[in-house]
Amino acid sequence: SATAVLDDARRLYESGGDRLGQADALRILGKVQRETAQYETAIVTLDEALSIYREFSDSRREADALTDLGGAKRLTGKFAEARTLLEAALALYRAIGDRRGEATALVQIGATLEHTGEFEAALRLSEAALTIIRSIGGPYAEADTLLRAGVILRQLGNYERSIQVTEEGLHIFRNIGSRIGEADALLDLGAVLRASGAHEDAAKALHEARALYASVDHRPGAARVLNQMG
């Protein structure tokens, strides 16, 4: 498994005295743990990576670890801690002129603000991130940020604009051949169509999303679709 391979890499770097390599392996391992819902384990792993990066005064790696750790904290409901970490990452990205990192941090902070009900502020950050991404290029990041903005707009009750930006994201994901991205977009589209009262169109989008998730055996996505269908 990816976890076993990365843990082997970490041990090899550690036995060879390569602290930076060890931190890199830990950070990737932490991201895998986070994506497989091992959130508390991911927090421990990412915190260890962050501590090592700080030994080397490597601002970019430190900012990346702060972003990953902040994301894991958000997923465990530690929103104040997540925001502190992500704002520290944002400051580092801006200090070194890493525009892509800046956009990523803005999106993550916005996602954290959503959880605390600060939707207007979250939308402003997502729009700022989208402006950066469009200036530097990156279709996947653009589509993903459009979906994030669409979700916030849905929560604000602006269904028409939410549908528009979600469809923009869907179009990009289809163009780049991202099946999971396309499924995510269809799921979000189904949710906002349902909220707007367009139940027939919502059902169609959700059935398409379910089929796509099934085709790549993405069970968390399939579960989210079933929740919306219910």
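Take D188 and tell me if it is at pLDDT 95 or above, over 26 Å from R94 (Cβ atoms) and acidic (D, E).
yes
For residues that are within 22 Å of the chain's Cα centre (by Cα) and of a type outside the set (A, V, I, L, M), scanning just the stretch 182-207, find the one that is nearest to A37 (Cα to Cα).
D184
Condition first: closer than 24 Å to A23 by Cβ and basic (K, R). Can you find one or more residues in the stretch 79-89 that meet it?
Yes, there is a match, as at least one residue in the stretch 79-89 is closer than 24 Å to A23 by Cβ and basic (K, R).
Criterion first (over 18 Å from A23 (Cβ atoms) and either crowded, with 16+ Cβ neighbours inside 10 Å or within 15 Å of the chain's Cα centre (by Cα) (or both)) does A121 satisfy it?
no
Kindly evaluate E160 against the criterion of being under 16 Å from the mean Cα position of the chain (by Cα) and among the acidic types (D, E).
no
From the list R54, R74, R83, R61, exactly one residue is on the phi < 0 side of the Ramachandran plot and without any contact (Cβ under 8 Å) to a residue 24 or more places away in the chain. Which is it?
R54
Identify, from the list A49, A89, A105, A111, the residue that is farther than 25 Å from A143 by Cβ, among the small types (G, A, S), touching a residue at least 24 places away in the same chain (Cβ under 8 Å) and buried (at least 21 other Cβ atoms within 10 Å of the Cβ).
Criteria check complete, one pass: A49.
Going by the structure shown, is A105 modelled with pLDDT under 95, assigned to a helix (DSSP H, G or I) and within 29 Å of D58 (Cα to Cα)?
In short, no.
Regarding the stretch 65-86, can at least one residue be identified that is at pLDDT 90 or above, crowded, with 23+ Cβ neighbours inside 10 Å and of a type in the set (S, T, N, Q)?
Yes, the stretch 65-86 contains at least one residue that is at pLDDT 90 or above, crowded, with 23+ Cβ neighbours inside 10 Å and of a type in the set (S, T, N, Q).
Return the residues of the stretch 155-178 that are over 19 Å from Q108 (Cβ atoms), in a helix (DSSP H, G or I) and open to solvent by less than 70 Å² (accessible area, probe 1.4 Å); say none if nothing qualifies.
S162, I163, T166, E168, L170, I172, F173
Confirm whether I43 is hydrophobic (A, V, I, L, M, F, W, C), surrounded by 13 or more Cβ atoms within 10 Å (Cβ to Cβ) and under 23 Å from D98 (Cβ atoms).
no
Pick out the one residue from R34, R94, R11 that is at pLDDT below 90 and surrounded by fewer than 21 Cβ atoms within 10 Å (Cβ to Cβ).
Unique residue meeting the criteria: R11.
The values are calculated or read from the model by the stated rules, or taken from the named source; none is laboratory data. Bear in mind the structure is a predicted one, so any value in this text is a computation, not a measurement. Methodologically, a virtual Cβ is constructed for each residue, glycine included, from the backbone with ideal geometry; neighbour enumeration extends over all protein chains shown. To get the accessible areas, we keep the full protein, side chains included, count just its heavy atoms, and leave off ligands, DNA and RNA. Shrake-Rupley method; radii C 1.70, N 1.55, O 1.52, S 1.80 Å.
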